[in-house]
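Undergrad: This is the structure I want to talk about, given as structure tokens.
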Amino acid sequence: MALPRCPILLLALVAVGCNATHSRSLSGAPPAFVVRSIELPDAPDEGVFMDYLAYDQKHDRVWVPAGNTGCVDVVDAHDESVRRVEGFGTAEVVRRGIKRLVGPSAATVADDVVYVGNRGDSSVCAVSAVPLQLGACLKLEWPPDGLAYVRSRQEVWATLPRDHSIAVIDAAGGRLQWKAKIPLEGQPEGFAVDDTRGVFYTNLEDQDRTLAIDIKSRRVMTTWLTGCGASGPKGLALDARLDLLMVACSDRVIVLDVGHDGKQLSSLATGDGLDNLDYVPARHELYAAAARGATLTIAHLDPQGTLTAQAVVATVPGARNAVANSAGRAYLTDSSEGKILIVEPAP
């Protein structure tokens, strides 16, 4: 029998330097961290299958594609209420001999529209940020993985690992129309956009490479060997002003100087199970959640490209793919429990 679920559960008050079980003091005396969770509505007993989250800075909301529910949950960061956008397709797939239901799995934020990728029906759909209303959808030939909005071109770029390609979708004027396909020599994983310089970054997970693609010509300009090993590179984060690209390997983050031939400037161990990353330029902070290590590493990036861990906060096994806001509050997926974890500096 399942235990009753609570809307908000206080998991831990983590005082850095006071309780080594939860965190460690790494430089000076960083503040304590509160770790708590938000229950997603109508979570099945097997949990909610989540992958990419998206943070809408303008409306201060977290977008949570809740795959097997066929919905996207939207968390209001002010009062932590959860609203639901329904109507997304799902499909049953078999992975490693286990049947599971897949559906919406990624989101990317434009001005007043959020685009949602769906592995269930291989679609990308537009959802109005206010009100939360499902709009037009475009069917792709292959299931999308990550989504990135390219503001300078009013395009949505969707990585298609099974097709070894990136789909370019015209999103101008609220419409969704197929525009182009960028063929690649491997499986794209992760993304970062430099709109100022007109560069799209992605990894080839199965080739242990990171690519720089010209947004206008859609051609691969540069390829770097990342040295992540057999598991390949995962997520990406970019400091566009400094021209520094952070690449997630399975257990560490490396920093590349993409303005100078991708020279590796530093590396930071994070614990095992990294996937996607998030970076808050205003704070110069990187958020890296290790799913198998059950930790969130919060690190500072200096202008020389050195990552320095400020805190390591205990989370739960499986928690990953953090997104963060300008206040330093991070949101992570806790799929097995059907929850979103929140990690934030204590008052």
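Undergrad: Give a residue-ordered list of calculated ³J(HN,Hα) values for the stretch 221-237 (Karplus: 6.51 cos²θ - 1.76 cosθ + 1.60, θ = phi - 60°; whole Hz; x for Gly, Pro).
TA: Whole-Hz 3J(HN,Hα) from phi for the stretch 221-237: 8, 9, 10, 10, 7, 8, x, 6, x, 4, 6, x, x, 10, x, 9, 9.
Undergrad: Additional query: Let me check I've understood the local charge: for residue 232, count other residues with C-beta under 9 angstrom from its C-beta, Lys and Arg +1, Asp and Glu -1. What total comes out?
TA: So the environment of residue 232 carries a net charge of -2.
Undergrad: Testing the spin-label approximation: label points 7 Å from Cα along Cα→Cβ at residue 45 and residue 263. State their distance in nm.
TA: 5.8 nm
Undergrad: Which value, to two decimals, describes the C-alpha radius of gyration of the stretch 30-345 once divided by 2.2 N^0.38 Å?
TA: The reported ratio for this selection is 0.92.
Undergrad: Same structure, new question: Step through the residues of the stretch 95-109 one at a time and calculate ³J(HN,Hα) from phi using the Karplus curve (6.51 cos²θ - 1.76 cosθ + 1.60, θ = phi - 60°), rounding each to whole Hz and writing x for Gly and Pro.
TA: 10, 6, x, 10, 7, 8, 9, 10, x, x, 9, 8, 8, 9, 9
Undergrad: Additional query: Label points 7 Å out from Cα along the Cβ direction at residue 326 and residue 214: separation in nm?
TA: With each label point 7 Å from Cα toward Cβ, the separation is 3.5 nm.
Undergrad: May I ask for log10 I(q)/I(0) of the stretch 232-347 at q = 0.19 Å⁻¹, from a Debye sum over the Cα atoms as equal point scatterers with solvent left out?
TA: The Cα Debye sum returns log10 ratios of -0.90.
Undergrad: Report, as a whole number in µm² per second, the diffusion coefficient that Stokes-Einstein gives for the stretch 213-261 at 25 °C and 0.890 mPa s using the Kirkwood radius over alpha carbon pairs.
TA: 207 µm²/s
Undergrad: Which one, 227, 173, 117, has the greatest fluctuation when you compute a Gaussian network model over the chain with C-alpha springs under 10 angstrom?
TA: Result: 173 has the largest fluctuation of those listed.
Undergrad: If amide H atoms are built 1.01 Å from N in the plane of the peptide, which residues on other chains or at least 5 residues away come under 5 Å of the amide H of residue 135?
TA: 126, 127, 128
Just so you know, all these numbers are worked out from the coordinates, no wet-lab data involved. Note that this is a predicted model, so its numbers are computed, not measured. For neighbour counting, all protein chains shown are included, and Cβ atoms are generated from backbone atoms with ideal geometry for every residue, glycine included.
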